[in-house]
Amino acid sequence: MTAVKSISKPKLFKNPFIMARIKTNITTNRKLATVICILHAIGFPLVMALGVYTEYYYQKYKDNDYHTHYPDTEILMVAGVIAGILALLAGFVVAMNIFRYQYKKSCVDMNLSLPLSSTQRFFTDYLTGLGIYLIPALVAWVIGDLIGLIGIGLHLEDMKDTLSIINQCGVCVVLAMILFYTLTVFCITCCGSIFEAIASSVLINGIIPLFLLVFGFCICNSNPYGVMDDVIMLEQIYFTSPFGCAMFVFQIADNGTTNMPYFWSWLISIIIYIALIVALTYFLYKKRKAESVSKPYVYRMLYYALTSAMLFIIIYAISLSGDDFIGAIFVGAIIYFLFEVITKRGFKKFHYSVFRFIGTVVSIFIIVAVSDISNGFGIYKYVPNPAGVAQVSMREYGSMTKSFNEIVDYGSNMYSDRNIIRTVTEIQKSYIDQYEHPEKYEDYEIIDVSENTDNNTINFNNDIELEIRYYMKNGNIVSRRYDILYEDFYKITSAIYTSDEFADYAEDIIRECYSHYSYPLRNITFSESKTETQYDIQINKSSLEELITAYQTDLKNMTAEDYCSKQIIGYIGNGLEIRENFENTIAFIKENRPDFNTDGDNFKLSSFENATVCVYQNVIPIDNIINYNNSSEYRRISERYILMSDRYTGAGKKPFSIGTNTVDADLEKLINVSKNVYDSTETGGMIIINNYAYYIPKEYKELADKVYKKLFGNTVYYYDEDGDEYYINEYGANVYTGYSKDKYIGETALQSYYD
């Protein structure tokens, strides 16, 4: 038996009829193959050549009058793009020609009478057609790459990166072509007439992405807690249809695979998906009989799936956009029965069509009702297992701190550190539990902020909106959005800031700040936290490495407790925090800019000239995480909280403007003792400097009360002959506020002061 197998196996591949069939397929489709080759020749290679040509002229004349020498290539570029698109769509025609014996009676006997098994015939036809469709594209890709290499040889800027992204997109385009061709063969196999074969092939490419998109909206229609509906089914759309692949190609072109952590998962997913469709098509092909030709649908499962999905899309989309269920059902009925009449070639057994339509509509409403009742089929409960998460990125809203965008800003900062991922999932679990069991969180004091209008009290929000995006190892993306407390947000950011990954990100940010300036005058900007005074330090490559080493060492030495308590004395660039315990970074700054206040609490009032301040005696941190019927009701935080200096834009008292001659030792001390990172259950008040809130420790409560009464307590305001506002302080001196009758400074002026 073993000898027989070893002899028969090579005979399978040496079957002369297989080679004859391949030659016949190529000969029959040689004109089509020629057209495809021509389209590809004037497609990608032409576009690539025009790109290199245009870039060459730009580099040559960019310092002169570039527009005078600019080559007019737009028409040719458009022609190349159109030719490329037509070449990609030609896969439909190739499949229809190769497998025409499945819907054309005159070709059945000639094709099925050949001494080939169904397996040999299917794979010979499938692979031959795929070769006719794909090989010209691969050749065009190689030619385009060679043209790109010429551009690199001419030392054109960015050509190397451009070619890399184009090749990444090329992989996606080739797989999209294979998927497009395979779906067409699948539809032809399920159909017995040319009309249904064409209609089904066209419909399936549009219905698959539309159904996934609308079904995602259906899941999110009940607003599941924390679920973001804009990306709920995006990853599935990307690999299940040629249109989705095109969307993915645009994402690659825009971001590159380095910022697409699910590229390899997408690659594996689409290969498996194509293999499954080929296997299903082969199974159905083997079961087909010769007499099935001329039937509208050989396998009506395709028809039922297409019409049911189409009804779901039409009815749900129309009803969702206008709440018109009757109109949605009416439009769906017209399209459904039109398909029924065409497919059945008349009104045969029309009552079955009516019953099937009613059953389909009822099923759709049951699915929608179950989704609403179960809060999106319980999707809000899903918390990814940290072991299955490849990377996580975040973005925060509601906080206007100076540094958080450098920490959480997805698209640029993605973290794979296990501790960060575990911390994020634990925070997510805690808020899902809070949502499901609000009774466990009712011990907080409920206050009505509408009654808290005392001029000496401020209700300060202690929550932010955090958007989380998990990039799973299986290629899925899980996106969630929650309102969370600063304390919980600090658990995440402290895990980030103390990780090795953030140290690497910090290096990239510092190098970017350095490369922003032209050689040899390269500076890095440092800024003080409270005064916002900026200092440019001119550095070279050696001192750049020294700064990076110093900052990374300080980051790695910092503990989570340090992050929640140590003050921010300044920033590198746009937002890299410099903490008071960053000894190495502070030493670098002192060496280069001795005038930079690295103490953080030793300012003179003159440093705040032209700054505006507000003082509040009492601070009530509140949050609106738990929703109440009355929008003015919030819960007051009664447990440990962490607050950070945040930009304050709400209504409040009119600020006091620090003038050139202002001398006030109490105000100066209050500014110095105020903290931009505060970790306590009780404050001594708040001072707002240039719209940034700073917290006063409780031991300075009396000082805060004194300054409040001095600057804001029962103060009578006057205007001089120029209309500038001032008041008389306890020393009898006129103190100008920076306000006038016809111009308000800031957003917090109260009309009562002017009445």
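The values are calculated or read from the model by the stated rules, or taken from the named source; none is laboratory data. Owing to the predicted nature of the structure, the values given are computational and were not obtained by experimental measurement. Here the Cβ is made from the backbone with ideal geometry for all residues, glycine too, and neighbour counts use every protein chain on show.
Conditions tested, residue by residue: (1) modelled with pLDDT of 85 or more; (2) farther than 18 Å from Met228 by Cβ; (3) out of contact with any helix residue (DSSP H, G or I) (no Cβ under 9 Å at 6 or more places or on another chain).
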site: Ile468; (1), (2), (3): yes, no, no
site: Ile477; (1), (2), (3): no, no, no
site: Leu485; (1), (2), (3): no, yes, yes
site: Thr493; (1), (2), (3): yes, yes, no
site: Ser499; (1), (2), (3): yes, yes, no
site: Ala506; (1), (2), (3): yes, yes, no
site: Arg511; (1), (2), (3): yes, yes, no
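Could you check how many residues of the range 287-311 are among the hydrophobic types (A, V, I, L, M, F, W, C), touching a helix residue (DSSP H, G or I) at 6+ places or on another chain (Cβ under 7 Å) and more than 15 Å from Cys107 (Cα to Cα)?
6
Considering only helices (runs of 4 or more DSSP H) fully contained in the range 1-54, which possess at least 2 residues that are more than 25 Å from Gln120 (Cα to Cα), modelled with pLDDT of 80 or more and more than 47 Å from the chain's Cα centre (by Cα)?
none
Examine the range 687-701 for a residue that is more than 43 Å from the chain's Cα centre (by Cα), at pLDDT 70 or above, on the phi < 0 side of the Ramachandran plot and not acidic (Asp, Glu), and state whether such a residue exists.
yes
Just to be sure I understand, how many residues within the range 585-602 are buried (at least 17 other Cβ atoms within 10 Å of the Cβ) and in contact with an Asp or Glu (Cβ under 9 Å, 6 or more places away or on another chain)?
7
Can Gly398 be described as loosely packed, with under 15 Cβ neighbours inside 10 Å, modelled with pLDDT under 90 and within 28 Å of Ala560 (Cα to Cα)?
yes
For the range 131-144, which positions are in contact (Cβ under 8 Å) with a residue 40 or more places away in the chain and either closer than 11 Å to Asn25 by Cα or not aliphatic (A, V, I, L, M) (or both)?
Ile132, Tyr133, Pro136, Trp141, Gly144
Every residue in the range 662-677 that is of a type in the set (D, E, K, R) and not in a loop (DSSP other than H, G, I, E, B), please.
Residues satisfying the conditions are Asp666, Glu668, Lys669, Lys675.
Being at pLDDT 65 or above, more than 24 Å from Asp562 (Cβ to Cβ) and not in a loop (DSSP other than H, G, I, E, B) narrows it down to one residue among Lys653, Lys709; which is it?
Answer to the check: Lys709.
Looking at (1) farther than 30 Å from Gly148 by Cβ; (2) at pLDDT below 90; (3) buried (at least 18 other Cβ atoms within 10 Å of the Cβ); (4) polar (S, T, N, Q), which one does Asn205 not meet, given that it meets all the others?
The one condition Asn205 does not meet is (2).
Look at Ser201 and say whether it is in contact with a Cys (Cβ under 7 Å, 6 or more places away or on another chain) and not hydrophobic (A, V, I, L, M, F, W, C).
yes
Step by step: first the residues of the range 652-706, then only those that are free of Cβ contacts under 8 Å to residues at least 40 places away in the same chain and acidic (Asp, Glu), then the one that is nearest to Val619 (Cα to Cα). Which residue is that?
Restricting to residues being free of Cβ contacts under 8 Å to residues at least 40 places away in the same chain and acidic (Asp, Glu), the top hit is Glu682.
Is it the case that some residue within the range 102-123 is modelled with pLDDT under 85, part of a helix (DSSP H, G or I), closer than 30 Å to Ser292 by Cβ and of a type in the set (Lys, Arg)?
yes
Name the residues in the range 79-113 that are under 24 Å from Tyr297 (Cβ atoms) and among the polar types (S, T, N, Q), would you?
Passing the criteria: Asn97, Gln102, Ser106, Asn111.
Residues checked against (1) at pLDDT 90 or above; (2) of a type in the set (Lys, Arg):
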position: Leu234; (1), (2): no, no
position: Ser292; (1), (2): no, no
position: Lys295; (1), (2): no, yes
position: Val298; (1), (2): yes, no
position: Ser308; (1), (2): yes, no
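Please pick out the residue among Ser308, Ser222, Ser294 that is surrounded by fewer than 17 Cβ atoms within 10 Å (Cβ to Cβ) and more than 24 Å from Gly170 (Cα to Cα).
Exactly one of Ser308, Ser222, Ser294 is surrounded by fewer than 17 Cβ atoms within 10 Å (Cβ to Cβ) and more than 24 Å from Gly170 (Cα to Cα), namely Ser294.
Looking at Glu532, is it modelled with pLDDT of 85 or more and at positive phi?
yes
Answer yes or no: is there a residue in the range 554-569 that is at pLDDT below 85, hydrophobic (A, V, I, L, M, F, W, C), surrounded by 15 or more Cβ atoms within 10 Å (Cβ to Cβ) and not in a helix (DSSP H, G or I).
Checked the range 554-569: at least one residue is at pLDDT below 85, hydrophobic (A, V, I, L, M, F, W, C), surrounded by 15 or more Cβ atoms within 10 Å (Cβ to Cβ) and not in a helix (DSSP H, G or I).
Checking Asp536 against (1) surrounded by 16 or more Cβ atoms within 10 Å (Cβ to Cβ); (2) in contact with a Ser or Thr (Cβ under 6 Å, 6 or more places away or on another chain); (3) within 22 Å of Glu577 (Cα to Cα): exactly one of these is not met. Which one?
Failed condition: (1).
Can you pull out the residues in the range 573-630 that are within 33 Å of the chain's Cα centre (by Cα), at pLDDT below 85 and in a strand (DSSP E or B)?
Across the range 573-630, the qualifying residues are Pro621, Ile622, Asp623.
Could you grab me the full set of residues in the range 462-491 that are buried (at least 20 other Cβ atoms within 10 Å of the Cβ), part of a strand (DSSP E or B) and not basic (Lys, Arg)?
Asp463, Ile464, Leu466, Ile468, Tyr470, Tyr471, Val478, Tyr482, Ile484, Leu485
Can you pull out the residues in the range 200-235 that are closer than 19 Å to Ser374 by Cβ and not in a helix (DSSP H, G or I)?
Within the range 200-235, Asn221, Ser222, Asn223, Pro224, Tyr225, Gly226, Val227, Met228, Asp229, Ile232, Met233 meet the criteria.
Would you check if Lys295 is over 33 Å from the mean Cα position of the chain (by Cα) and assigned to a loop (DSSP other than H, G, I, E, B)?
So Lys295 passes the test.
Evaluate the following for Phe250: is it farther than 30 Å from Lys295 by Cβ and part of a helix (DSSP H, G or I)?
yes
Testing Val249 on (1) out of contact with any strand residue (DSSP E or B) (no Cβ under 6 Å at 6 or more places or on another chain); (2) modelled with pLDDT under 85, one condition comes back false. Which one is that?
(2)
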